[in-house]
1. If you work out P(r) over Cα pairs in 5 Å bins from 0, in percent from the coordinates, which of (i) 2, 9, 13, 21, 24, 18, 9, 3, 0; (ii) 2, 11, 18, 18, 14, 11, 9, 7, 5, 3, 1, 0; (iii) 2, 12, 21, 23, 18, 10, 7, 5, 1, 0 do you get?
2. Which whole-number percent is the relative contact order of the chain (Cα, under 8 Å, 6+ apart)?
């Protein structure tokens with residue numbers, strides 16, 4: 001992957017990232033080929049806090065879907081939660097670790 005991937009999320013108009021800012025997760029999807037996920041567990045050492053961050057991320061996702069596609073935000077949130085619950089319950093795909101976690 002190049003340093004500036006063609007389909008990276010634009011970060012303009014966002015918060016100013018400082019030396020005290022940490023990227024916790026990076027998620028990419030390739031159509032019909034699955035996902036690539038990196039987690040910097042060393043930067044957020046409490047799994048419960050990571051869960052809270054994922055919940056906040058899901059809430060932001062609902063708003064993004066609502067504003068992008070003209071959906072009701074609560075309905076989008078419910079759909080995301082339903083998809084999350086279904087994947088956690090059924091575990092449709094097997095995950096493969098290509099880079100073990102470490103304390104950078």
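1. Looking at P(r) over Cα pairs in 5 Å bins from 0, in percent for this model, the match is (i).
2. 20
The numbers here are math on the coordinates, done by the rules we state, and not lab data. Bear in mind that the values here come from a model prediction, so they are computed numbers and not experimental data.
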